[in-house]
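The values are calculated or read from the model by the stated rules, or taken from the named source; none is laboratory data. Small disclaimer: the values here were computed from a predicted structure and weren't measured. Note that each Cβ is placed from the backbone with ideal geometry, even for glycine, and that neighbours are counted across all protein chains shown. Just the protein is used for accessible areas: all its heavy atoms, side chains included, with ligands, DNA and RNA removed. Shrake-Rupley method; radii C 1.70, N 1.55, O 1.52, S 1.80 Å.
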Amino acid sequence: MRPRPAVCSDGAYRIEDGALPAGSTLGGSALTVKLLANGSIDTVFSTESGSNIVRDVDVHHFDSATGLRLTRGGGRFTLRPECQTHEYRLRDGVEVEKSTFAVRGSSQPAICYIAFCARNHTREPFSIDSIAVARIKSSFEDRIDARWDEPRRALVVWSDRGANARAIVASDTPASWEVTGDHARMLANRWPGAFGNEIDVCAADPLAVLHVRTTIGPGATAEFWFAIAALAGGSDGSDDVLREYPPAPAALASTRTCYEKLLAKSVVRSPGGEVDLGVHWAKANMIRVMSEGPASRGFTNDPGGSTHCVARDAAWFVYGCDWIDPAFSEALLRGFAERQERDGKIVEYFDLRTGETNDDGLNVNDDTPLYALAVAHHALAGGSGTFLAEFYPSARRAVEQLLANRDERGLVYCAAGGTGARGIVGWRNVIPDFRLSGATTELNSEAFAALKKMSVLARMLGEDRDVERYEREAESLRVSVERHLRNPENGFYYLALDVDGRPRSALSSDLLFPIIFGISDDATSARILQRLREADFWTEAGIRTVPRDAPEYGPSRGSGLLGGVWAGVTFWYAFAAARFAPEIMVEALEQTFAHYARDPSATNTVPGEFSEWLHGETLVNGGMMLSPWFPPRYLWAAIEGACGLEPAAHGARVTPRLPPEWSWLSACDVPFQGKPISWFAVRMDELRLFTTQSVESDLVVDVYERDVTADVSVEGEENAVVAFARAGCVLVFIGNRARHTVSVAIRSRGVLSALVPVRRYESTCGTWNEDAGAGSDAYTTMIGSRGFALVEFGKPEGD
């Protein structure tokens, strides 16, 4: 096994060239860029056109003096949320840092950059001939035309007399350019000479080529870049749709700012650190897939391959997105509300580009209760002031559609008799030659939870008749589930009462749904969690969808849905286990995320990216490198499971779930009902909670007025810092992530500049100690392994 990628202090991964099976999947507001293992671009996908606008983009370098081809010598990659960089040596004394990124921001163009910073450490000037090469047909059958735009330094390409225009742009006026079918010329060992400034779009597989010459002085650096832009408006990129794009450094800075703004929300800090890193990358991957489509804002369940926005995945996306970007959650829900069917059913998906919908022809589906639950989650988490009034009628129609599709047993019933998407009512609907319909435990658990939440929303709006009705219907459904969907042989739940009238008694990860959605009692829930934790279900990368010894088991069968490992299921398990076994919850979150960086070449994963599904035996990824379905579930499991936030109609309930080996846990700057909330829990004489808002909790709660962490300076290694303030007082919490004792220094700056330490609590001693009001520049203390310290600052005596 190769050494694991190194994790930088900012959460970025560093990994040696040659140790990745693929590069990052990067997302701008309207582009998805997939990178290959060598750092070149595989595809650039445009949300507006619904297709790849270019493929196989790379930049080759030649020594201008000798003409020799300069190969990439060794080097390493750094994977960041907003970009991927590749540092490598061109020749002795000349190094290059290449950054690839897609621009993000609602007002930004649909453009991605390949930016270079070349450093010359020698005493002589050095000149490079760089050629950017791109395959410009979106498919082999694509019919294209092209023109050279001299003022904008761009080759403009368009397809089928107007659709799908794109441009390949250079930072400086190219020394030469060409559209050619001569692929071999790009691989010559010596400089092939200037290009002919000609266009040959009749070649079977034409390449766009831009040639830029750069001279770097002794000890100097030089920057240059190439870009791929999707063009809107004029059929051939005219009429002012092709503009002067910002330089790469400015574009990267604005993109980084966009990421940093959202990454600063819902920051989790824990003794282990792996969960914190998982939360960081979950947010990063969510940001990457947030799209601005012509028909709607949303996200696709197949970045770089589709523009379909699937309702069940969108609902789960809201569960995570509410904790970083509530406005996007609202836009995502509106896309489905506007396309709700006449009877109240929610469509299976709509197209972000065309707005067209599909519902797989089922009389009832899981998208419908999940939509109502997402509406409720967003309303309780703090949607806009008009959100609930606007969306309540839509959510009401959704649950009424479910009630209208109950059978004589009182169970929500799907009559589909087909297979695959036409015969599976639930999240596993892509299994071929497989049926799961009738009265399923999954669908009825979701319907029960949707009815319960609708009664809460009705109470918030003063709809008293709906409050009573939905409470009554929810209880009736729960009784029906317990009477008909309980398996008397093992005390668990059937998979379904099938359309053939027979019960399906298979054991699968679907047993999590009665726990997550509140159907099962605590005793049954604990037994289910224990069964799903047994060796035939569990792997070091998470839980199998069905156990290894099941008759239907196949480690890759049905895209891993009949025996593979889907990370999102493990995050469901983590949330379900939080109340019962916090140590298993943490293990599930840590191990599953850590798998992506354990040995990327062996597991076919990219560090920091939540891949789709793993082979049930080898644990090798067999799906997408970046699955957009899983990151929001990780964030949800961390914020609402581990950190214990439960949104309620008038405030929050917070009960952090710390495993026995953790003495502290914190969550900061979590968007909640229009005002950020921060909190941390520590083991003192008992588990205690410190917050910036009044909350309900089973713990002793100490409330402060505001989070001032950003205004407190603490020096030391591997520590987590949180600071809260109220009148005349600042409490500084410092958690130690290291396995050894550390020393830290709290600087008397910012909010602490006029205050002195009054008392401190160190977890090793377990008592508060009074401090003299010292006037030095820094206050120092030691913290034991994985322990914490609290230092309270107040006004000096006499003030």
| message | Tally up the residues in segment 636-663 that are outside any strand (DSSP E or B), out of contact with any Ser or Thr (no Cβ under 6 Å at 6 or more places or on another chain) and not aliphatic (A, V, I, L, M), please. | response | 11
| request: List every residue pair whose Cβ atoms sit under 6 Å apart, with the two residues 6 or more apart in sequence or on different chains, where the first one lies in segment 34-62 and is under 23 Å from ARG185 (Cβ atoms) and the second, anywhere, is assigned to a loop (DSSP other than H, G, I, E, B) and not small (Gly, Ala, Ser). | output: ASP42/LEU36; VAL54/ILE136; PHE62/TRP191
| field | Boolean, ARG504 is in contact with a Leu (Cβ under 6 Å, 6 or more places away or on another chain), more than 26 Å from ALA594 (Cβ to Cβ) and of a type in the set (Lys, Arg) | value | yes
| query | Pairs, please: C-beta under 7 Å, at least 6 apart or cross-chain, first residue touching a residue at least 40 places away in the same chain (Cβ under 8 Å) and in segment 165-190, second in a helix (DSSP H, G or I)? | reply | SER171/ALA248
| message | Where the second residue is open to solvent by 30 Å² or more (accessible area, probe 1.4 Å) and outside any strand (DSSP E or B) and the first is more than 10 Å from SER509 (Cα to Cα) and among the small types (Gly, Ala, Ser) and lies in segment 524-548, which pairs have Cβ atoms under 7 Å and are six or more apart or on separate chains? | response | SER525/PHE580; ALA526/PHE580; ALA541/GLN591; GLY542/GLN591
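A quick yes/no check of all residues on (1) part of a strand (DSSP E or B); (2) touching a helix residue (DSSP H, G or I) at 6+ places or on another chain (Cβ under 8 Å); (3) closer than 21 Å to VAL703 by Cα:
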residue	(1), (2), (3)
GLY735	yes, no, yes
ALA738	no, no, no
ILE746	yes, yes, no
ARG760	yes, no, yes
THR780	yes, no, no
PRO796	no, no, no
| Unmet criterion (only one of (1) open to solvent by less than 10 Å² (accessible area, probe 1.4 Å); (2) closer than 21 Å to GLU696 by Cα; (3) at pLDDT below 95) for ILE639 | (3)
| Every residue from segment 145-157 that is at pLDDT below 90 and among the β-branched types (Val, Ile, Thr) | none
| task | Assess whether LEU689 counts as being open to solvent by less than 70 Å² (accessible area, probe 1.4 Å), touching a strand residue (DSSP E or B) at 6+ places or on another chain (Cβ under 9 Å), touching a residue at least 24 places away in the same chain (Cβ under 8 Å) and under 25 Å from LEU755 (Cβ atoms). | result | yes
| message | If the requirement is being at pLDDT 95 or above, of a type in the set (Val, Ile, Thr) and surrounded by fewer than 21 Cβ atoms within 10 Å (Cβ to Cβ), which of these qualifies: VAL670, VAL701, VAL682? | response | VAL701
| Mind checking which residues of segment 752-770 are within 19 Å of VAL712 (Cα to Cα) and surrounded by fewer than 18 Cβ atoms within 10 Å (Cβ to Cβ)? | SER753, ALA754, ARG759
| said: Out of the residues in segment 300-353 meeting the condition of being assigned to a strand (DSSP E or B) and out of contact with any Asp or Glu (no Cβ under 7 Å at 6 or more places or on another chain), tell me which one is most open to solvent (accessible area, probe 1.4 Å). | reply: TYR349
| LEU388 passes all but one of (1) outside any helix (DSSP H, G or I); (2) open to solvent by 10 Å² or more (accessible area, probe 1.4 Å); which number fails? | (1)
| request: Check every one of the helices (runs of 4 or more DSSP H) wholly within segment 541-623 and list those with 2 or more residues that are in contact with a helix residue (DSSP H, G or I) (Cβ under 8 Å, 6 or more places away or on another chain) and open to solvent by less than 10 Å² (accessible area, probe 1.4 Å). | output: 567-577, 582-598
| Checklist (1) farther than 16 Å from TYR413 by Cβ; (2) touching a residue at least 40 places away in the same chain (Cβ under 8 Å) applied to VAL499, failing item | (1)
| request: Name the single residue, out of those in segment 461-504 being of a type in the set (D, E, K, R) and part of a strand (DSSP E or B), that is farthest from VAL546 (Cα to Cα). | output: ARG486
| query | Under 6 Å by Cβ, and 6 or more places apart or on different chains, what pairs join a residue from segment 400-422 that is within 17 Å of GLY344 (Cα to Cα) with one that is modelled with pLDDT of 95 or more and charged (D, E, K, R)? | reply | GLN401/ASP343; GLN401/LYS345; VAL412/ARG406; TYR413/ASP407
| task | Run VAL412 past the list (1) closer than 28 Å to ILE639 by Cβ; (2) modelled with pLDDT of 95 or more; (3) of a type in the set (Val, Ile, Thr) and report the number of the one that doesn't hold. | result | (1)
